[in-house]
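The values are calculated or read from the model by the stated rules, or taken from the named source; none is laboratory data. If you're wondering where the values come from, they're calculated on a predicted model, not measured in any experiment. Ideal geometry is used to build each Cβ from the backbone, glycine not excepted, and the neighbour counts take in all protein chains shown.
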Amino acid sequence: MHILLRFFRVYPWQSALMLLALLLAGVAEGVSLSALLPLLSLALEQGSRKEATDAEASAQGDGGLEEMVRNALETIGLTPGIGVLLVIVMLGIVVKNLLLLAARKQIGYTAAQVTTDLRLSLLRAVLASRWEYFIRQPAGRMANAMTTEAMRASEAYIYGTTMIARCIEAVVYIIVALLISWQATLAALGAGLLVLVVTYALVRMSRRAGKRQTKLLKSLLGRLTDTLQSVKPLKAMGREDLADEVMAAETTKLNRALQKEVFSKAVLQAIQEPMFVGLIAIGIYVALVLWEVPASTMLMLALLLGRIMAQMGKIQRWYQKMVTAESAFWSIDETTREAQETREISSGTLPPRFERAIELRDVDFSYGEKAVLRQACLLIPKGSLIALTGPSGAGKTTIVDLITGLLQPQRGAILIDGVDLKEIDLRQWRRKIGYVPQENLLLHDDIFHNVTLGDPKLDESDAEYALRAAGAWDFVSELREGMHSVVGERGAGLSGGQRQRIMIARALVHRPDLLILDEATSALDPKSEAAICDTLKQLAGQLTVLTISHQTALVDIADRIFRLQDGQLVPVGHGIDRRSASEQ
């Protein structure tokens, strides 16, 4: 039930409206049911003397509710005849269903809002988290949380609120039944609770199955994401069967958990009904044969006690569904809290001014016990093209992450025009940076969206400027739909050089002051690489370029070259051949 309290705290007024509608619907049904007893009594009398019937009912102690209804109607000037009672019954049913419609609509709207809010909360928490946290998270885990877990969490809300609706209906039936015969009602409640206790083991089975599903879906979708990203090399090496075996094993485990859930739900529903019906049958026999309850009262009691039993069964089944799905909510909630606890905190408030140079001054940085940079120094004058070289794992990308503020130095400082990056507003600084990674990150969308990333502030003229600056306009303009041509999955409809130019255009579209290329040409053929270098030459002077590369073409066009070795940046002087320096 803790999950419902959590939902009600987050959505107080929506929950209040829903509960009010359900309560009023219960009152309307109570009025309708109350009018049904005298209606049944009148129908069964069929002209017999009302006084005798009333006396008999009074003798049995079961005419209290009927007498209350008759007196209430007479007080407001209505004769408790068949017509009036039928109208009351019908009005009660109509009002009840209108109120239930309002309650169900509110439940549906709130459930949709639950899904949206959970997804947005997780997305915002992850995007705002520190880079060190982000890179440790499996993409499949986040995808599963955003889709499956968010949807199952909203289902838990629907199941829980539906259970509350059933509880309110059951309370109404119990109140009316108590007014007719409190002895029979209490006996029925005791028997019904006994059935719920006996069958509660099936609810626990569903809860365990739900937790197992949540855990397996995390693992399965994580592996699925990794596998889909590696399909090409797997197929090229004829090893896709290995991925199939792993995925099949995970899917089989998930299937077993689903089977347990289905089994527990089916068994619960299958055994509840005969147990409740048996109890009602025994109650009717005792009431008619041993207690000699009047027929009209017995019919009303049978109707009410039957509904009470049915509602108790439904309450338990909806509760079973809720506990099966609620583990997904706690899982996505935990993931969101983890991300929020690692939120990137920037105390800097100064607007960035990049008019002279970027400087790394005596920077130390380590990943755990592994030292990457030791008193590293680097000066990047504005308008220059700087190349960083060095062996893999030396820390070249770490330098980029430090300059962009994704990582913080453990010692030393990153200075922008002499101002420590810690004092600068990081978001404003990053908006001055264009970044081109080594990986192909094109979306399965058109070129325009790939360049602008859906930024509403950018239009086609901005995209055209970026495509021209990146040297991509010639081939883009020849496409049948121009910049609105779809590039395919990960840009499969374009060549490697064309994809890289689209990536450069994306980095240039917001007119940055600093362009960073992280091994951006490593996968290109010499001709495509030469074309990219020509583009960078044309950009030289217009903006500052920092490139990480082992490729000789990029090194040859650089104004200055620094080789990273033993944690320090060593400038490659004029007496050292640039080509040999980049190949070492």
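Please specify each residue of the stretch 316-363 satisfying the condition of being aliphatic (A, V, I, L, M) and in a helix (DSSP H, G or I).
322, 323, 325, 328, 332, 339, listed by residue number.
Yes or no: residue 169 more than 30 Å from residue 342 (Cβ to Cβ) and among the charged types (D, E, K, R)?
Here the answer is yes, as residue 169 does meet what is asked.
Taking residue 428 as the residue in question, decide whether it is surrounded by fewer than 17 Cβ atoms within 10 Å (Cβ to Cβ), within 34 Å of the chain's Cα centre (by Cα) and under 30 Å from residue 388 (Cβ atoms).
So residue 428 passes the test.
Does residue 253 count as surrounded by fewer than 17 Cβ atoms within 10 Å (Cβ to Cβ) and either at pLDDT below 75 or not assigned by TED's automatic domain parsing to the domain that holds residue 312 (or both)?
Considered against the rule, which asks whether it is surrounded by fewer than 17 Cβ atoms within 10 Å (Cβ to Cβ) and either at pLDDT below 75 or not assigned by TED's automatic domain parsing to the domain that holds residue 312 (or both), residue 253 comes out as no.
In the set 341, 359, 369, 355, which member is surrounded by fewer than 22 Cβ atoms within 10 Å (Cβ to Cβ) and either touching a Gly at 6+ places or on another chain (Cβ under 9 Å) or modelled with pLDDT of 90 or more (or both)?
Only one candidate qualifies: 359.
Of the numbered conditions (1) modelled with pLDDT of 85 or more; (2) in contact with a His (Cβ under 8 Å, 6 or more places away or on another chain), residue 544 satisfies every one except a single condition; which is it?
(2)
Can you confirm whether residue 157 is out of contact with any Cys (no Cβ under 6 Å at 6 or more places or on another chain), assigned by TED's automatic domain parsing to the domain that holds residue 333, buried (at least 21 other Cβ atoms within 10 Å of the Cβ) and touching a residue at least 24 places away in the same chain (Cβ under 8 Å)?
yes
Kindly provide the set of residues from the stretch 90-112 that are more than 24 Å from the chain's Cα centre (by Cα), buried (at least 19 other Cβ atoms within 10 Å of the Cβ) and not small (Gly, Ala, Ser), ordered by number.
96, 99, 100
Among the listed residues 418, 471, which satisfies the condition of being out of contact with any Leu (no Cβ under 9 Å at 6 or more places or on another chain) and at pLDDT 85 or above?
418
Every residue in the stretch 121-156 that is more than 18 Å from residue 330 (Cβ to Cβ) and in a helix (DSSP H, G or I), please.
123, 124, 127, 131, 132, 133, 134, 139, 140, 143
Please state which one of 221, 189, 217, 202 is in the same structural domain as residue 323 (by TED's automatic domain parsing), aliphatic (A, V, I, L, M) and surrounded by fewer than 20 Cβ atoms within 10 Å (Cβ to Cβ).
Of the residues listed, the single one that is in the same structural domain as residue 323 (by TED's automatic domain parsing), aliphatic (A, V, I, L, M) and surrounded by fewer than 20 Cβ atoms within 10 Å (Cβ to Cβ) is 189.
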